[in-house]
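All remarks here apply to the structure that follows.
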Amino acid sequence: MTVQPKVDTAPHVSDEVRQTTCYMCACRCGINVHLRDGKIRYIEGNRDHPVNQGVLCAKGSAGIMQHYSPARLRAPLRRVGPRGSGQFEEISWEEALQTATDWLAPIRKSDPRRLAFFTGRDQSQALTGWWAQQFGTPNFAAHGGFCSVNMAAGGIYTLGGAFWEFGSPDWDLTELFILFGVAEDHDSNPIKIGLGKLKTRGARVISVNPVQTGYAAISDDWYGVTPGTDGLLILSLVRELMRAGKVDIDYLSRYTNAPWLVIRNPGKANDGLFLRDDDGTPLVLDRVTGKTAPHSDAAVRVALQGEVKVKGGGIAVPAFTLMAEAYLTDDYAPETVAPKVGITAARIRQLAADLARAAFEKEVVIEQPWTDWKGEKHDRMVGRPVSMHAMRGISAHSNGFQTCRALHMLQLLLGSVEAPGGFRFKPPYPKPPHVHPKPAGRPDQVAPETPLAGAPLGYVLGPEDLIIGDDGSPQRIDKSYSWDAPMSAHGMMHMVISNAVAGDPYPVDVLFMYMANMAWNSSMNTRGVMEMLTETDPETGAYKIPRLIYSDAYSSEMVAYADLVLPDTTYLERHDAISLLDRPICEADAVADAIRWPVVEPDRDVRCFQSVLLDLGARLGLPGMVDEDGKPKYEDYGDYIVNHERKPGIGPLAGFRGADGAAEGRGAPNAEQLDAYIANGAFWHTEIPAEARYFKPANAAYQQFAVEMGFYDAPQPYAFQIYAEVLQKFRLAAEGHGDQQPPDHLRKRIQTCFTPLPSWYPPFEGSAVDDEAYPLHALTQRPMAMYHSWGSQNAWLRQIHGHNPMFISQALAAEHDLTDGDWIWVTSHHGRIRVPVAVMAGVNDRTIWTWNAIGKRKGAWQLDPEAPEAKKGFLLNHLIHELLPPKGDGMRWSNSDPITGQAAWFDLRVQIEKAAADEPAESWPQFDTLPRMNGEDAPEATLRYGIEWTSRAQDTADKGDKS
Ligand code: SF4
């Protein structure tokens, strides 16, 4: 007789459902957390949520195992062994907070710069940045400098916004979607939903990426470009489109600065600047009158060619004329660039033809009248259905900023930004650089016991905004906003530890970090950084970084190097604001923000880091964190989210404001605000009016909407900046003009790299090493199932990726006689690692790559020392140095983009050789095994969760009852 399995068609899943926001990656999807017997039973996607519309990925559903991870810290810790040994004792919160206060208070009284406060992928930068400002230190940044600042800054300086959190493809109307260098985990659920729409409609997807995995695996066409040459490919496409006349002249004339007149006066201080009227308004040439006129003049019919004489000398020509001169040369001919790019000339031409066809033969029209900022009425919205998405793959190079700008120029030439079918901004973007704050931190902006005279991070508009001393010296510990990296809008976190240890430009007394695994996967030169963190002064024996405070929820590798550990909660135990003041979650048609709240209470002695920060701020008496009596102004982070106002009526959350909770955007604090969010599924959103949805930078209705919502205080219409005058200002300084000039050793580099029109130059590391000695490129990316270092401690996600092989092409495998599971040595100018290989088809022949942050140090994250992550997993970071190889003059440049300081992770050049047959099958290097830092015993060998709720458990219970 066949025994039928018992199927429960209506299982009792949960006693209660609480809605909050996922934090298993940066997408911030809405989730429904099912609770049963006081524990988390199940997580599902929130169907009403604007970000994910019910979709939940593997990471999101594995949040249960993140929440119950054996690696969770359980109480504040004080180091008792040598730094790096991982030996701690548990202390009370009072002791921990008093210790931190005792360390920080004297710094604030003497020199606030001696605190360096840096955070990783935290989602509360509106708070952490403000806290640093109130403390008075300019030494603050989050992870952007080592992630994708080139993409963000390239976007802001060109378009007034960038991809992902700043904007998205017009998924419903686009006909051709091109992905440039996007990692698998990137923009996870939103992009998957969008790709699903494209595939359903039969729209075309093209991937430009050295590796054809993830989203590239479902592309209709794949361009396996050589790393670091994306910019060259893009400029070749620009050339082909311009030669064929396949550019949108009307769009360029109306919405970009292509018609603005640029002065040509070689050798003079105004060369390359815009010709302006007495009010400073850039001028254009009127093709009807032949005279100049302000670009804001609605009546003018702009010319894209021609010239005018400039009073005092020289001429001025439209920026478009300079574009034609720059790009219609054989330097960018497909035949010229093909050998470097690794794509045949015919395929480059094909890609240009595909772009032209989609843009100009498939025009999209929305029958929606609108009015532009000059008052001109338009009957309809007309667009070109080509959209793009790009991220770290093209930006994490020393030429990444210019590459990102080149990509945006390509979009603009096609007329496909903020037009139907193209790329669209998500509020509060668009927001051009002049609407952002400028960074503060110059000597006159820092003083003891005084807040910094502005935000530590911002957008510079010329040399006069640099954070340098009178002698031109860097003033921030990471040397951001100095001549080393003038436009480093996200800071340079990868330089903090090495600069602090070197005391260059000055030492720090306390390094305070949050969620930044700098002693492992977040650093270049990982071994070197571990040594720096333990380096002592030979005379005093004191650590070169005297105090290190670290906050994290888990016992990561970095915890071992802290003197004081402030244990954070998991994302299900905390308040958070997914704020418009920070990294938004809006859609192109709607404004949205969200919260997290404690859907379960902590069962350990841990506290939400942001609450701890506010507590510390109050103990230090930081302005804005104490009331008139010196008492803490905020009870905790939840209280701050509701009651903090950045300016009157503007707070962390835009929804349910005002006394009655009915106000949106602007409004007085509402004591019931968090309850209103919770009742609404933990988010708020409001639609953008139909006439305001496209052409946002030029759309009068959108500009008005943005003012009402509090994004700006007055309308800020602007033109897209293909020609970036700000870059030319730095070049002029390098040529010897102005009061602020770079040091001599940087002049040539600035003149070469800071071109006001997007350009391409070879990645620095490739130019600094011998091509024959290091013939291969090496890359990393995150897999879909993991998020930074968190994923590979998660019992469910580890089953998807237990270790990370080095993927190599079939051609390389044949050349080196390698097959799956063989071991190789990979060598760079800086180091050597031994790793296992896997052979694959879809990879550029001269490129090898692996997953990042799966390799773990033995013992860290409460993993077994024999875990595959430690034995077979590895980091590519050991091969990458934060400095480039020495040059002939003995100087070493930072391994960064010279404009933004973005860490050039993907410039890495290597060689490979097969490991000897008798070598151990273990990755190398290995380091001392860390103890179980959270004080917990080893977890069970097999972690199970939820068996008590299964029918198997019920059967066991039934049998037990009968026995
Ligand atoms: S995409 Fe990211 S935020 Fe969304 S469910 Fe997955 S892990 Fe969570």
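Between GLY638, GLY624, the distinction of being in contact with a Pro (Cβ under 9 Å, 6 or more places away or on another chain), more than 18 Å from ILE578 (Cα to Cα) and either hydroxyl-bearing (Ser, Thr, Tyr) or in contact (Cβ under 8 Å) with a residue 60 or more places away in the chain (or both) belongs to GLY624 only.
I'm trying to understand the selection: among the residues of the stretch 35-55, which are more than 15 Å from the ligand (Cβ to nearest atom) and either small (Gly, Ala, Ser) or on the phi < 0 side of the Ramachandran plot (or both)? Within the stretch 35-55, LEU35, ARG36, GLY38, LYS39, ARG41 qualify. Consider ALA841 carefully, then state whether it is open to solvent by 20 Å² or more (accessible area, probe 1.4 Å), among the small types (Gly, Ala, Ser) and out of contact with any His (no Cβ under 8 Å at 6 or more places or on another chain). Against the criterion (open to solvent by 20 Å² or more (accessible area, probe 1.4 Å), among the small types (Gly, Ala, Ser) and out of contact with any His (no Cβ under 8 Å at 6 or more places or on another chain)), ALA841 qualifies. Number of residues in the stretch 694-708 that are within 15 Å of PRO428 (Cβ to Cβ) and touching a residue at least 60 places away in the same chain (Cβ under 8 Å) equals 5. Checked against (1) surrounded by 21 or more Cβ atoms within 10 Å (Cβ to Cβ); (2) touching a strand residue (DSSP E or B) at 6+ places or on another chain (Cβ under 9 Å); (3) within 28 Å of GLY638 (Cα to Cα), GLY181 meets all criteria but (3). Put simply, of GLU948, GLU936 the only residue that is in a helix (DSSP H, G or I), open to solvent by 10 Å² or more (accessible area, probe 1.4 Å) and modelled with pLDDT of 85 or more is GLU948. Within the stretch 518-547, the residues that satisfy the criterion of being buried (at least 23 other Cβ atoms within 10 Å of the Cβ), not in a helix (DSSP H, G or I) and not aromatic (Phe, Trp, Tyr) are MET518, ALA519, ASN521, SER522, SER523, MET524, ILE545. Close Cβ contacts (under 6 Å, 6 or more residues apart or on different chains) running from residues in the stretch 231-258 that are under 14 Å from PHE720 (Cβ atoms) and open to solvent by less than 30 Å² (accessible area, probe 1.4 Å) to residues that are of a type in the set (D, E, K, R) and part of a helix (DSSP H, G or I) are absent.
Just for the stretch 854-888: of the residues that are outside any loop (DSSP other than H, G, I, E, B) and of a type in the set (A, V, I, L, M), which one is nearest to SER789 (Cα to Cα)? It comes out as ALA860. Here ASP478 qualifies as touching a Gly at 6+ places or on another chain (Cβ under 9 Å) and either at positive phi or at pLDDT 95 or above (or both). Among residues that are out of contact with any Lys or Arg (no Cβ under 9 Å at 6 or more places or on another chain), among the polar types (S, T, N, Q) and under 30 Å from PRO783 (Cα atoms), ASN209 is included. Checked against the criterion of being touching a Lys or Arg at 6+ places or on another chain (Cβ under 9 Å), surrounded by 22 or more Cβ atoms within 10 Å (Cβ to Cβ), touching a residue at least 60 places away in the same chain (Cβ under 8 Å) and farther than 19 Å from GLY167 by Cβ, the stretch 663-682 contains one or more residues that satisfy it.
Looking at CYS29, CYS22, can you tell me which residue is under 17 Å from GLY194 (Cβ atoms) and either more than 10 Å from the ligand (Cβ to nearest atom) or crowded, with 21+ Cβ neighbours inside 10 Å (or both)? None of the other options fit; the residue is CYS29. Being touching a Cys at 6+ places or on another chain (Cβ under 9 Å) and either part of a loop (DSSP other than H, G, I, E, B) or open to solvent by 10 Å² or more (accessible area, probe 1.4 Å) (or both) holds for only one residue in LEU653, LEU580, and it is LEU580. Of the residues making up the stretch 56-75, those that are more than 7 Å from the ligand (Cβ to nearest atom) and more than 24 Å from LEU566 (Cβ to Cβ) number 4.
Go through the stretch 497-522 and report how many residues are polar (S, T, N, Q) and closer than 25 Å to SER473 by Cβ. Residues meeting the conditions: 2.
Per this entry, ALA116 is counted among residues that are among the small types (Gly, Ala, Ser), away from the ligand (no atom under 16 Å from the Cβ), in contact (Cβ under 8 Å) with a residue 12 or more places away in the chain and open to solvent by less than 10 Å² (accessible area, probe 1.4 Å).
If you take the residues of the stretch 199-221 that are open to solvent by 50 Å² or more (accessible area, probe 1.4 Å) and not in a helix (DSSP H, G or I), which of them is farthest from THR847 (Cα to Cα)? Per the stated criteria, the residue is GLY202. Put simply, of LYS192, LYS197, LYS109 the only residue that is within 21 Å of the chain's Cα centre (by Cα) and among the charged types (D, E, K, R) is LYS192.
Quick one: would you say ASP187 is of a type in the set (D, E, K, R), within 16 Å of the ligand (Cβ to nearest atom) and open to solvent by less than 20 Å² (accessible area, probe 1.4 Å)? Spelling it out, ASP187 is indeed of a type in the set (D, E, K, R), within 16 Å of the ligand (Cβ to nearest atom) and open to solvent by less than 20 Å² (accessible area, probe 1.4 Å). Does ALA941 satisfy the condition of being open to solvent by less than 30 Å² (accessible area, probe 1.4 Å) and over 30 Å from the mean Cα position of the chain (by Cα)? Considered against the rule, which asks whether it is open to solvent by less than 30 Å² (accessible area, probe 1.4 Å) and over 30 Å from the mean Cα position of the chain (by Cα), ALA941 comes out as no. Residue check: GLY245 meets all listed conditions (1) assigned to a helix (DSSP H, G or I); (2) farther than 30 Å from TRP905 by Cα but one, namely (1). Of all the residues in the stretch 259-268, those that are among the small types (Gly, Ala, Ser) and either crowded, with 21+ Cβ neighbours inside 10 Å or in contact with a helix residue (DSSP H, G or I) (Cβ under 6 Å, 6 or more places away or on another chain) (or both) number 0. Listed by position, the strands (runs of 3 or more DSSP E) contained in the stretch 753-836 that have at least 3 residues being β-branched (Val, Ile, Thr) and open to solvent by less than 10 Å² (accessible area, probe 1.4 Å) form an empty set.
The one condition from (1) more than 15 Å from the ligand (Cβ to nearest atom); (2) closer than 30 Å to CYS27 by Cβ; (3) not acidic (Asp, Glu) that SER809 does not meet is (2).
None of GLU922, GLU882 is in contact (Cβ under 8 Å) with a residue 12 or more places away in the chain and surrounded by 15 or more Cβ atoms within 10 Å (Cβ to Cβ) except GLU882. Do you know which residues across the stretch 405-428 are within 11 Å of GLY161 (Cα to Cα) and assigned to a helix (DSSP H, G or I)? The one that is within 11 Å of GLY161 (Cα to Cα) and assigned to a helix (DSSP H, G or I): HIS408.
Residues that are part of a loop (DSSP other than H, G, I, E, B) and open to solvent by less than 10 Å² (accessible area, probe 1.4 Å) within the stretch 32-50 comprise ASN46, HIS49, listed in sequence order.
Residues in the stretch 271-304 that are outside any loop (DSSP other than H, G, I, E, B) and open to solvent by 30 Å² or more (accessible area, probe 1.4 Å): ARG276, THR292, PRO294.
The values are calculated or read from the model by the stated rules, or taken from the named source; none is laboratory data. On a predicted model such as this, the values are computed, not experimentally measured, just so you know. Every residue, glycine among them, receives a Cβ derived from its backbone with ideal geometry; neighbour counts consider all protein chains shown. Surface areas here come from the heavy atoms of the whole protein model, side chains and all, with no ligands, DNA or RNA. Shrake-Rupley method; radii C 1.70, N 1.55, O 1.52, S 1.80 Å.
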